[in-house]
1. On a full-extension model of 0.36 nm per residue, what is the gain between GLN163 and GLU66, subtracting their alpha-carbon distance, rounded to one decimal in nm?
2. Would you list TYR322, TYR177, TYR210 from the most to the least accessible area, probe 1.4 Å?
3. How much area per residue is accessible in the chain when the probe is 1.4 Å and only protein heavy atoms are counted (Å²)?
4. Could you tell me what % of all Cα pairs in the stretch 114-363 have separations over 26 Å?
5. Against the longest alpha carbon principal axis of the chain, how many degrees, from 0 to 90 and to the nearest 10, is the axis of helix 114-150 turned?
6. Which residues does a label at HIS367 reach in the stretch 154-186, if reach means a backbone N under 12 Å from a point 7 Å past the Cα toward the Cβ?
7. Under 5 Å between amide hydrogens, which residues at least 5 positions from VAL272 or on another chain qualify, with H placed 1.01 Å from N in the peptide plane?
8. Please list, in order, the residues from the stretch 404-429 whose amide nitrogen is less than 11 Å from a point placed 7 Å along the Cα→Cβ vector of VAL398.
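The values are calculated or read from the model by the stated rules, or taken from the named source; none is laboratory data. It should be emphasised that the depicted structure is a prediction, and the values quoted were computed from it without experimental measurement. Don't worry about glycine lacking a Cβ; one is built from the backbone with ideal geometry, like all the others, and counts go over all protein chains shown. Heavy atoms of the whole protein, side chains included, go into the accessibility calculation; ligands, DNA and RNA do not. Shrake-Rupley method; radii C 1.70, N 1.55, O 1.52, S 1.80 Å.
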Amino acid sequence: MTDKNANQMWGGRFAAGPDAIMEAINASIGFDQRMAAQDIAGSRAHAAMLAATGIVSDKDAEAMREGLLTILSEIEEGKFVFSTALEDIHMNVEARLKDLIGDPAGRLHTGRSRNDQVATDFKLWTRDQMDAAIEGLQALMRALLEQAEQGADWVMPGFTHLQTAQPVTWGHHMMAYVEMLGRDLSRFRDARARMNESPLGAAALAGTSYPIDRDMTAQALGFDRPAANSLDAVSDRDFALEFLSCASICAMHLSRFAEELVIWSSAQFRFVTLSDRFSTGSSIMPQKKNPDAAELIRAKIGRIFGANVALMTVMKGLPLAYSKDMQEDKEQVFDAADNLMLALAAMTGMVSDMTANRPALEAAAAHGFSTATDLADWLVRVLDMPFREAHHVTGSLVAKAEAKGCDLPDLSLDEMQAVHSAITEDVFTVLGVHNSVASRTSYGGTAPVRVREQVGRWKEALA
């Protein structure tokens with residue numbers, strides 16, 4: 001289609017045609033063609049409604065709907081030629097529809113504007129991405145549940161400040177990420193429920209005088225209801241911002257886990273072995289096995305955070321209703337969605353394939369005086385010692401073990417009684433790492449029995 005023909009769609013005011021710079025800055029077809037399926041679904045629903053309300057004839061509406069399906073097939077098969085001169089996906093589809101069915105194509109836009117059309121398309125696309133993120137999260141959570149169930153009683157060091165703190169179980173650590181991702185899951189579900197109102201029929205900003213049926217189009221497109229205020233309907237991008245916010249928090253969780261996998265797979269830790277499918281070799285050092293997938297997941301968060309900030313910045317100063325600034329709402333969301341889904345898929349693959357090194361985990365759990373808190377608790381519980389005094393006695397025993405170059409269980413009873421005479425042989429029952437984790441039976445604790453309970457709860461929730 002020539003520029004002249006394209007400008008006829010606008011009318012006489014732009015008869016001279018935009019120059020190359022204006023065309024380049026104004027066009028969005030380079031990225032918004034990704035919404036073709038949503039645009040066509042919205043137009044088919046609108047055409048059916050126009051016929052049902054008597055605004056257009058059944059014959060014209062059927063021609064529109066069949067023509068739109070033909071266009072969708074052309075796009076899916078890669079045969080559709082997108083035109084920058086036609087600016088966006090909406091005008092490209094409408095122009096092609098006119099080629100296919102002639103004059104009835106001109107009736108399709110009755111009772112709507114590009115403002116409510118693009119809001120509908122973008123909301124439908126974002127809703128699809130929320131559904132995809134929900135599925136991706138569920139897959140990752142199931143992979144973590146398998147790891148947790150397998151290692152419910154495997155001991156490992158728990159850390160604070162990346163220093164050995166207390167023994168925990170591998171299953172308990174895996175379940176911590178299940179809980180994080182569970183909150184991500186609920187955020188996406190909440191956002192999806194909140195966004196599920198249809199902008200279609202709000203027209204440019206004030207509604208329309210045609211007797212349209214907005215409930216019909218809302219239902220056809222899977223919305224719960226039509227948006228209640230036409231000004232808000234065309235200017236709202238909260239749904240995109242909520243998607244980016246949810247994606248940002250989720251990506252942060254993925255990044256934290258990725259950081260742990262990078263550390264754990266190092267030669268210094270050897271806690272896990274990542275499969276060759278999610279690792280790479282070095283171009284010069286043949287012994288290297290680099291956790292590239294984890295490192296790239298860790299980096300993806302920058303792009304997703306950036307998209308969130310970018311769209312917030314675009315929207316922060318816009319008066320009601322629509323402004324052309326809002327054309328800049330999509331690229332960030334598209335990029336963030338792509339990177340989130342890639343990160344979720346890669347993490348799911350890594351978790352499914354990775355092997356925990358149980359002996360290395362247990363050996364590390366026994367180092368660093370990890371049962372010192374258990375000793376202090378024993379002094380309080382058995383000797384009725386105030387906790388602050390127990391803390392002091394335990395600290396003295398740690399110092400003695402450190403000076404001797406051993407761990408707490410390696411001290412003799414005589415050495416312990418030299419610090420406090422009331423200590424008995426019974427103290428050794430709490431100093432082993434397995435005894436330590438087994439004793440943490442409070443709700444949410446690391447005891448294997450509690451881990452298995454939580455695995456069961458989440459399996460049922462995800463069923």
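1. Values: separation 97, 0.36 × 97 = 34.92 nm, distance 6.55 nm.
Answer, rounded to one decimal: 28.4 nm.
2. Numbers: TYR322 70, TYR177 15, TYR210 110 Å².
Ranked list, largest accessible area first: TYR210, TYR322, TYR177.
3. Counting only protein heavy atoms, the per-residue value for the chain is 47 Å².
4. On the way: 15199 of 31125 pairs.
Across the stretch 114-363, Cα pairs with separations above 26 Å total 49 percent.
5. 20
6. Only 157, 164 fall inside the zone, counting backbone N under 12 Å.
7. SER265, ASN357
8. none
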